[in-house]
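*Asks:* Next up is a structure, given as structure tokens.
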Amino acid sequence: MDPQSIYQQLGISAKVFQFGEGILSGLRPRFDEIDQNAETNQAKVIGAMQRNRVSAQCFAATTGYGYDDVGRDVLERVYADTFHTEAALVRPQITCGTHALTVALSANLKPGDELLSPVGRPYDTLEEVIGIRPSPCSLMEYGVQYRQVDLLPDGTFDYEGIRAAINEKTALVTIQRSKGYQTRPTFSVKQIGELIAFIKQIKPGLKCMVDNCYGEFVETTEPSDVGADMTVGSLIKNPGGGLAPIGGYIVGTQECVSRCAYRLSAPGLGQEVGANLGILPAFYQGFFLAPTVVAGALKGAIFAANIYERLGFRVVPNSTESRHDIIQAVELGSPEAMIAFCTGIQAAAPVDSYVRPEPSDMPGYDAKVIMAAGAFVQGSSIELSADGPIREPYAVYFQGGLTWYHAKLGILMSLQKLVDAGIVTL
Ligand SMILES: *Cc1c(COP(=O)(O)O)cnc(C)c1O
């Protein structure tokens, strides 16, 4: 059967399919580049697994305290080896990215210390962690102050502002790599390295943490390669490879990671406790698959950017920009278009494809939010997903796809729904 007819069976018209193929024919060089990065990252992960002697023994379940949990300890060495750090904390007791970041911050800041974000406002969920929005158990409640230096209007670092903000109390700098749900650019690893070097030259010994969410394996280096003392992320995103059902990671210096372990479990216990409950096979296999999964998601993001830019929509990043995370924003300009787009993503999913996404109220948002996700792991955004608040500029944030082919189908289906709704004509 030819590809066009199999897509037709799934509800994609010949016209939409052909439009997609036309866009794709121009993207082959970029896809080659992505494949080359994936190849390098795949070798990096396999090498780390070999050097640390991953074996069937590592996949065994432990319960109770989890003393001498070989699988857990080897997995942490595999992460440390891959990210080129002294130590790593990777386990199901870290529930998500926000939790990992909370552990990293609260373990390495003491009362009277000041936390600095030199890249503007952090990710939504961190506002309550820090206390920017007052919240029980926030860092501010424990006497940690917060200071922020916004980016310059062109999205670059305000070096003079950063220099002025660093003082004797500044103890930790938090750098968010991905733009998240903002419109600023995502930073490359190289840019992050330059920022860290600048900061350390002003105050040697000042610890730098990078929120690496959505950034892992997009490039062949990571923030840990350019001076970050801690690099932190979620296993429900890139490094979980779609298989990890829970989890977060912190990689970095032994000193920082040990403190994180004491904070996560208890002073004195640290990394020694924490049974794996039998889910390590998914952690190992997910990490093994992550480079190719990220490559598929990146191809999807670039395909979407090129399709929607060609149709006249504003896309961030644009169709030709280099990529430093897997998120693609598409400004669709109307609620109807957002709904049609998300309906298409949902209809293309392997799970819950029969569900129709509808805008609804969400805690923390001033507008209704629409979400499309038909994922094997609930809320997983390394799987194909799209969401956005129903307000100007009516942008959907699109990410993930465990395989490039699924991402492609989702994007074609989103376009099909926009065509069916009469919003787009090809
Ligand atoms: C997703 C995300 C987080 C939070 O991770 P969760 O796993 O959703 O808690 C933090 N920072 C950034 C930049 C993110 O994209």
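*Asks:* In region 369-379, what residues are in contact with a Ser or Thr (Cβ under 6 Å, 6 or more places away or on another chain) and part of a loop (DSSP other than H, G, I, E, B)?
*Replies:* Result: 374, single match.
*Asks:* Mind listing whichever residues of region 365-417 are in contact with an Asp or Glu (Cβ under 9 Å, 6 or more places away or on another chain), open to solvent by less than 30 Å² (accessible area, probe 1.4 Å) and closer than 30 Å to residue 28 by Cα?
*Replies:* 372, 374, 375, 381, 395, 396, 397, 398, 399, 400, 401
*Asks:* What number of residues within region 163-178 satisfy the criterion of being among the β-branched types (Val, Ile, Thr) and either assigned to a loop (DSSP other than H, G, I, E, B) or away from the ligand (no atom under 16 Å from the Cβ) (or both)?
*Replies:* Summing the residues that are among the β-branched types (Val, Ile, Thr) and either assigned to a loop (DSSP other than H, G, I, E, B) or away from the ligand (no atom under 16 Å from the Cβ) (or both) in region 163-178 gives 2.
*Asks:* Another question, then. What's the number of the only condition in (1) under 30 Å from residue 420 (Cβ atoms); (2) surrounded by 13 or more Cβ atoms within 10 Å (Cβ to Cβ) that residue 25 fails to meet?
*Replies:* Status for residue 25: all satisfied but (2).
*Asks:* How many residues are of a type in the set (A, V, I, L, M) and either within 13 Å of the ligand (Cβ to nearest atom) or not assigned by TED's automatic domain parsing to the domain that holds residue 254 (or both) when one looks only at region 193-233?
*Replies:* 4
*Asks:* Among 141, 128, which is the only one that is assigned to a helix (DSSP H, G or I) and within 16 Å of the ligand (Cβ to nearest atom)?
*Replies:* When all the criteria are applied, what remains is 128.
*Asks:* Please name all residue pairs, on different chains or six or more residues apart, with Cβ atoms under 7 Å, provided the first residue is in region 6-33 and is more than 13 Å from residue 408 (Cα to Cα) and the second residue is in a helix (DSSP H, G or I) and open to solvent by 90 Å² or more (accessible area, probe 1.4 Å).
*Replies:* 14/8
*Asks:* Does any residue in region 395-419 that is at positive phi come within less than 6 Å, Cβ to Cβ, of a residue that is aliphatic (A, V, I, L, M) six or more places away or on a different chain, and which pairs are these?
*Replies:* Taking only residues 6 or more apart or on different chains, the pairs are 400/297; 400/382; 400/384; 401/297; 401/384; 401/407.
*Asks:* While we're here: Is there a residue being crowded, with 24+ Cβ neighbours inside 10 Å and more than 13 Å from the ligand (Cβ to nearest atom) anywhere in region 179-187?
*Replies:* No, region 179-187 contains no residue that is crowded, with 24+ Cβ neighbours inside 10 Å and more than 13 Å from the ligand (Cβ to nearest atom).
*Asks:* What helices (runs of 4 or more DSSP H) completely inside region 12-93 contain at least 3 residues that are closer than 21 Å to residue 224 by Cα and over 20 Å from the mean Cα position of the chain (by Cα)?
*Replies:* So the answer is 28-51, 70-82.
*Asks:* Checking residue 274 against (1) farther than 30 Å from residue 164 by Cβ; (2) within 16 Å of the ligand (Cβ to nearest atom); (3) touching a strand residue (DSSP E or B) at 6+ places or on another chain (Cβ under 6 Å), which test does it fail?
*Replies:* Condition (2) is where residue 274 drops out.
*Asks:* How do the pairs read when you match residues in region 233-245 that are of a type outside the set (Ser, Thr, Tyr) with residues anywhere that are within 13 Å of the ligand (Cβ to nearest atom) and part of a strand (DSSP E or B), using Cβ under 7 Å and keeping only pairs 6 or more apart or on different chains?
*Replies:* 233/248; 233/249; 235/248; 235/249; 239/233; 239/249
The values are calculated or read from the model by the stated rules, or taken from the named source; none is laboratory data. Given the structure is predicted, the values throughout are model-derived calculations rather than measurements. Methodologically, a virtual Cβ is constructed for each residue, glycine included, from the backbone with ideal geometry; neighbour enumeration extends over all protein chains shown. Areas reflect the complete protein model, heavy atoms only, side chains present, ligands, DNA and RNA absent. Shrake-Rupley method; radii C 1.70, N 1.55, O 1.52, S 1.80 Å.
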